[in-house]
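The values are calculated or read from the model by the stated rules, or taken from the named source; none is laboratory data. This structure is a prediction, so every number in the text was calculated from the model and none was measured. Here the Cβ is made from the backbone with ideal geometry for all residues, glycine too, and neighbour counts use every protein chain on show.
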Amino acid sequence: MWTYIIDALLVIALILVVLYPRWNLRRSAKVIDNPEFARLIPTSQLIDIREANQFRIKHILGARNVAATQIEQSLNAISKHKPVLLYENGKPTASAKVARQLKKSGVPEIYVLKGGLSKWDGKVKEG
């Protein structure tokens, strides 16, 4: 009997580990696809939240680099009057934490690129 209860708790824990980050991200930001992301770039702040070494190799044209690990120290440099577009390499894992911090600091509109840079089909700068 105890093994069934333990198994059930493990399944519930696994479901929470998988679903919580998605739910948490959607509370703070809207996940959008390439066309909508590209449409918003001219009127928004485009922020690459990967580490600087990854940014130097390749990034979306017009993006600035604010690593997820440095977001708290950079909150004053992000305007609360313009939408913020975030992206990372692939699935938005660090974006949830960054979006939550931006939301708490007063940024009203936050968008995350679905699939990240790996799925981006727009212009990039490589270097």
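Considering each of V124, V112 in turn, give the residue that is buried (at least 17 other Cβ atoms within 10 Å of the Cβ), β-branched (V, I, T) and at pLDDT 95 or above.
Answer to the selection: V112.
Name the residue that is farthest from I47 (Cα to Cα), counting only residues in segment 107-127 that are hydrophobic (A, V, I, L, M, F, W, C) and either free of Cβ contacts under 8 Å to residues at least 12 places away in the same chain or assigned to a strand (DSSP E or B) (or both).
V124
Name the one entry in Y87, Y111 that is among the hydroxyl-bearing types (S, T, Y) and in contact with a helix residue (DSSP H, G or I) (Cβ under 6 Å, 6 or more places away or on another chain).
Y87
Select from segment 43-61 the residues that are without any contact (Cβ under 8 Å) to a residue 60 or more places away in the chain, of a type outside the set (S, T, N, Q) and closer than 14 Å to E126 by Cβ and list them in ascending order.
Within segment 43-61, F55 is the sole residue that qualifies.
So which strands (runs of 3 or more DSSP E) stay within segment 7-106 end to end and still have 2 or more residues that are surrounded by fewer than 20 Cβ atoms within 10 Å (Cβ to Cβ) and at pLDDT below 90?
Strands (runs of 3 or more DSSP E) meeting the threshold: none at all.
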